Amino acid sequence: MLSKLKSALAALAAVTALAGLAGDAAAQSGAPIKIGFSMAMTGGLAANGKSALLAQKIWEEDVNAKGGLLGRPVKLVYYDDQSNPSTVPGIYTKLLDVDKVDLIIGPYATAQVAPAMPVVISKNKMFISLFALAVNEEFKYPNYFAMIPMGPDPKPAFTRGFFEVAMAQNPKPQTVAIVAADQEFSRNSSDGARENAKKAKLKIVYDKTYPPSTTDFAPIVRAIAATNPDLVVICSYPPDSVGMVKAVNEIGFKPKMIGGAMVGLQATALKAQLGPMLNGFVNYDMWLPVPKMQFPGVEDLLKKYQARAQAEGVDAFGYYLAPWGYAQLQVLAQAIEGTKSTEDKKLADYLRANTFKTVVGDVKFGKDGEWAQERVLQIQFHDVKGNDVEQFRTMNTQTVVTPAEYKSGDVVYPYAKAK
């Protein structure tokens, strides 16, 4: 009788243990935490958008391999916004009302983030954008956070380094031309360039916008050249940036310094396409493999990314957007784990109060959800030969000229000397 009782108790213990294991498995594989967003997978912003997306997918895999968040797997739900701002409100409405995602994050680029904001605000959602310049200056939405290192004064931050490098030259430049596409990002960055020019006591001899649909940039470059400026600040999106570089080279225009706020010149494919035409241009960037920017985890991310880049048809090296797309989700994950919640208000409160460890370094948010501290690079292209992609893997063809703490060399000035 006693042996039967022992057998029964042992069997009961085994069943209880199995039930406990099943419970643990259920906890690990409960309903996924769904994170929704739009991304430029086609159109003019796609070279950068697809690069960010691959890094975000790597983040999803990394987190799920470690057991997910709050014992639940994470699932990214995303749609192609086609680089077209008009598609964005509909996508975010669908994500929230139809897909019933738990959380949303921003798409890539200012022009895409701005039209998402009314939807975000109407639904009272916490929102971390990706590379959006000064979007919240207008909305003042308290639950907005910017994954872009522009600091508390974002518009002038974009080109501040460009002007600082120029004004350190001897003799100092006297005049500047500012040209921008007539859309959100370019208007914001040109506003900042104007502010920087005024502070530097430079005379603005040309200040105009062009339609975003422009394809022939030669007349614009000729008009700028006619004003004979020392400096030229170009605020452009990828297709325009390519057109501008080609027109400057074709016309043989040689101001003392040119570049500043040209989106697209960070993409490896566009660098390889333009080749030696890039030599001498000074332009912004956000992360490059200089020793002082090898933050914990970034090397591991880029190894995974680069192993998959060719098959996924994305930027070969991923230096520009990949670390930032990954960091955007690292910040979100740390807030979820810190609050043990996916509730938007709790997450927003936590984001305001804490510093986050990411592959792009420490992130702390301040006024209007911008970074508490500014950290924009200005780099100069030099010694680019032919159109070989591999020359852009290292820093042999690019020098970080500012800020001082990340600087890897001095600017070659004037521009003609760098040609």
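Bear in mind these aren't lab numbers, they're just calculated from the coordinates by the rules spelled out. Since the structure is predicted, the reported quantities are computational estimates derived from the model, not experimental observations. Counting neighbours? That spans all protein chains shown, and the Cβs are built from the backbone with ideal geometry, glycine included.
At-a-glance table
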{"read-out": "Estimated distance in nm for a label pair at T215 and D97, the labels positioned 7 Å out from Cα along Cα-to-Cβ", "value": "3.6"}
{"read-out": "Size of segment 322-378 as Cα extents on the principal axes (Å, biggest first)", "value": "38, 24, 13"}
{"read-out": "Label point at A307 placed 7 Å out along Cα→Cβ; residues across segment 40-67 whose backbone nitrogen lies under 13 Å", "value": "58, 62"}
{"read-out": "Cα Rg over Rh - segment 314-419, Kirkwood", "value": "1.11"}
{"read-out": "Gain in span if fully extended, K172 to A372, counting 0.36 nm per residue against the direct Cα distance", "value": "68.9 nm"}
{"read-out": "Residue-averaged [θ]222 nm for the chain, counting only DSSP H segments that reach four residues, each worth -39500 (n - 2.57)", "value": "-13500 deg cm²/dmol"}
{"read-out": "Principal axis dimensions, segment 160-273 - Cα atoms, whole angstrom, descending", "value": "34, 29, 26"}
{"read-out": "Cα-Cα separations in the chain greater than 30 Å, expressed as whole percent", "value": "43"}
{"read-out": "Entries in K203/K417; K271/K367; K172/K208 that, when Cα-Cα distance is taken, lie over 27 Å", "value": "K271/K367"}
{"read-out": "Stretch gain in nm, segment K123-S341, where the contour uses 0.36 nm per residue and the Cα spacing is subtracted", "value": "76.7 nm"}
{"read-out": "Square roots of 5 times each gyration tensor eigenvalue, C-alpha, segment 131-187, largest first, Å", "value": "28, 14, 8"}
{"read-out": "Volume per residue of the C-alpha convex hull in segment 100-209, rounded to whole Å³", "value": "96"}
{"read-out": "Stretch gain in nm, segment D300-K75, where the contour uses 0.36 nm per residue and the Cα spacing is subtracted", "value": "78.8 nm"}
{"read-out": "Ellipsoid equivalent to segment 38-91 - semi-axes via the Cα gyration tensor, in Å", "value": "26, 13, 5"}
{"read-out": "Rounded if a/c under 1.5, otherwise prolate or oblate - segment 225-315, Cα gyration tensor axes", "value": "prolate"}
{"read-out": "Computed over the chain: relative contact order in percent, which uses C-alpha pairs under 8 Å that are six or more apart", "value": "18"}
